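Written below as structure tokens is the structure these notes are about.
The values are calculated or read from the model by the stated rules, or taken from the named source; none is laboratory data. What you are looking at is a predicted structure, and each value in this text was computed from that prediction instead of being measured. Positions of Cβ are generated from backbone atoms using ideal geometry, with glycine treated the same way; all protein chains shown enter the neighbour counts. Accessible surface is based on the protein model in full, side chains and every heavy atom, while ligands, DNA and RNA are left aside. Shrake-Rupley method; radii C 1.70, N 1.55, O 1.52, S 1.80 Å.
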Amino acid sequence: MNHFIAVSYTTGYDRHRRAEDLVRITALLSELAGTPVHCVERSAELVVLSTLDVEHGVFRGGDGLFMLSMSAAVTDLQSHRQLSGKALADDWFAHPEALVDRLAAPFVLCGRHEADSPVHAVTDRYGLGQLFGWQGQGLCAIASSALLVGRAFRLGIDSDAIGVFAQLGHFLGDATVVDGVCKCPAGFALVGHRGRLENRALSAPAAQPATDILGLPRQGAANLSASVRAYLEAFPGCDIELSGGVDSRLMLAAIPRSERRRHTAVTLGAEDSLDVDIARRIAAANGMRHTVVNVNALLDELEPEQLFETLRTASLRHDHAVNPIDKLAIEISRKFLGVAPRLSGQNGEILRGFYYPGQPLRGGYADSRLERLIKWRLSGNDAVQQAWLEPGFQARSNGSLRNVLRPLLASSTDWPGALDRLYLEQRMQRWCGSAVSAAYAQRPVLMPFFTPGFVEWSLSLPAERKHGSQMACELITMLAPELAHVPFDSGTTPAQLARTGMGSAAYHALALGRKGARRVYQKLSGRRRHNLGTRSVTDILARTVAPDTLNLGALESTGIFQPGTLDAIADRGLEMDRASLGFLFALSFTLDYLEQPVRQTRAASG
């Protein structure tokens, strides 16, 4: 794990306190990353520390100019090539903020591009690269980890943010678990100068409603093909994540059939699952090598102590900001897949209306629609059991969630557009962003569904064309008819779901009705959907690991839980589901980290 922190001080800030900061933060960085710490810049008004490789991640210019790049590789979407560190630094020193429109997500860059200028930090236009800022008295900090800033400056937790997390499984807006530490939002840069932190808005094109309705599939096919081609030219022979679902098949369809055999298909899942079987058949039909990582079997082989360490490592990689149980599959597969670049289908649901099921697709915002969205979609699978939570905290959490969501959703003129923005600008920033930020320092993360042309085209579509994966299946049928006739796990095919008119109603009812029925059953029965690799380990973690490893005293001190809940956990007398147990571990890990004393060490070299 690579991390950095830049601390800007006001003129005349106490030099002894500044020296103490340097020693303390050096120790924390070294502990967090497990690698040597380098002092990139040090003056009376600015200290920049990093664990990046000084030969590959840190670049210097004259007059104290420097740039840090958190990514193993960065793709230029204009030239379809990987940018070398030197080329990227040259562009940074010329005009750093212009890079946001050229570089493929995800990335985080930080540095100074002019002599005596402020320190700038930018992330990709979708905010996937995790970047955080904090304003203190006489100083400010910009960093790659909210927890690092919290522990470095002895900050507490944000109960309102934790209340939102307890309902969604991730944070919203710019909030983090650390009080006062804010996530840099998409489309902004963080600027630190003489102890003051500024959020600076960057330009970004806005999606315009589609006008050429008949030409939509053709436009989409061209946009997607261009997106995939940019990565294939920059990373020839890259691997491709392949499942039995829509998004990975759509990504594969954008690769000419004659070129697919050059790539290895990678599938995470159980050997006997239908998804793996479908992926295996698709790979074989296209002459592709196929790697299957049997996540469930690998997790089942772990002893409880090993499982706990894997869980703790996975959580730390994600800054303890998501349910760590859901990240076990990624963590356990990491050593099997290595550092080869891979095409990822993340964000494919921007084309498929992730939050559309059960929602009206016409009209604008209304409080009744917000309540329906929370009840049936947002808190259905990832909310902590209400019986665990102290009533006052639960009431405040409900209010916090609505206070954050209402302005986010009411700012759009139509309800489906608001749902699309919620998915792109909130869930993807947090859920997907934490995952890619945990990986992009070690391997190139290639995300064609996050290229600006594809995203803006997807946002411009009428909701009816996205609902039920209709447009996605139209693109598969147009780009690769042979893939359009391979059934999904529902039994329907892309060709069937792509049909328009009354003839497609039965197919849509079959495919979507099953999903809707499952969701209603889950809601009424209280059962939760299990994510990949979580079914087999949740019970082990609950019975064997949680009572002995959770910091129950620290959890009790938060005032979040009902009296008796944590005692029941200690006595192994409480049934726990994936969402509730994951919340406990994430919060316990966070409290442990923030409360640990700092082991003093010498200041960073460099």
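Is at least one residue of region 215-234 farther than 26 Å from V276 by Cα, at pLDDT 95 or above and part of a loop (DSSP other than H, G, I, E, B)?
For region 215-234, residues farther than 26 Å from V276 by Cα, at pLDDT 95 or above and part of a loop (DSSP other than H, G, I, E, B): absent.
Which is modelled with pLDDT under 95 and over 30 Å from P462 (Cα atoms), of G358, G380, G338?
Of the residues listed, the single one that is modelled with pLDDT under 95 and over 30 Å from P462 (Cα atoms) is G338.
Can you go through R421, R427, R406, R396 and tell me which one is open to solvent by 20 Å² or more (accessible area, probe 1.4 Å), assigned to a helix (DSSP H, G or I), under 17 Å from G559 (Cβ atoms) and among the charged types (D, E, K, R)?
R396
Could you list all residues from region 323-352 that are within 18 Å of D414 (Cα to Cα) and within 18 Å of the chain's Cα centre (by Cα)?
If the condition is that a residue be within 18 Å of D414 (Cα to Cα) and within 18 Å of the chain's Cα centre (by Cα), then I350, L351 are the ones that fit.
Can you find a residue in region 495-506 that is over 27 Å from I255 (Cα atoms), buried (at least 16 other Cβ atoms within 10 Å of the Cβ) and of a type in the set (D, E, K, R)?
Within region 495-506, not a single residue is over 27 Å from I255 (Cα atoms), buried (at least 16 other Cβ atoms within 10 Å of the Cβ) and of a type in the set (D, E, K, R).
Of all residues being of a type outside the set (S, T, Y) and part of a loop (DSSP other than H, G, I, E, B) in region 4-31, which is farthest from V149 (Cα to Cα)? Just the residue, please.
Per the criteria, the residue is G12.
Which of the residues belonging to region 68-91 are over 23 Å from the mean Cα position of the chain (by Cα) and not acidic (D, E)?
Q78, S79, H80, R81, L83, S84, G85, K86, A87, L88, A89
Quick one: is A603 of a type outside the set (S, T, N, Q), at pLDDT below 95 and touching a Cys at 6+ places or on another chain (Cβ under 8 Å)?
Yes, satisfied.
A quick yes/no check of all residues on (1) at pLDDT 95 or above; (2) closer than 30 Å to E114 by Cβ:
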| position | (1), (2) |
| --- | --- |
| K183 | yes, yes |
| T211 | no, no |
| M251 | yes, no |
| A254 | yes, no |
| R262 | yes, no |
| T267 | yes, no |
| D275 | no, no |
| A283 | yes, no |
| N286 | yes, no |
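Select from region 453-494 the residues that are assigned to a helix (DSSP H, G or I), over 17 Å from G215 (Cα atoms) and open to solvent by 30 Å² or more (accessible area, probe 1.4 Å) and list them in ascending order.
Residue satisfying the conditions is H467 alone.
Taking the condition of being within 30 Å of L307 (Cβ to Cβ), open to solvent by 50 Å² or more (accessible area, probe 1.4 Å) and either in contact with a Cys (Cβ under 6 Å, 6 or more places away or on another chain) or not in a helix (DSSP H, G or I) (or both), how many residues in region 330-379 meet it?
Result for region 330-379: 2.
Check region 318-325 and report whether any residue there is of a type in the set (D, E, K, R), open to solvent by less than 10 Å² (accessible area, probe 1.4 Å) and closer than 30 Å to F235 by Cα.
no
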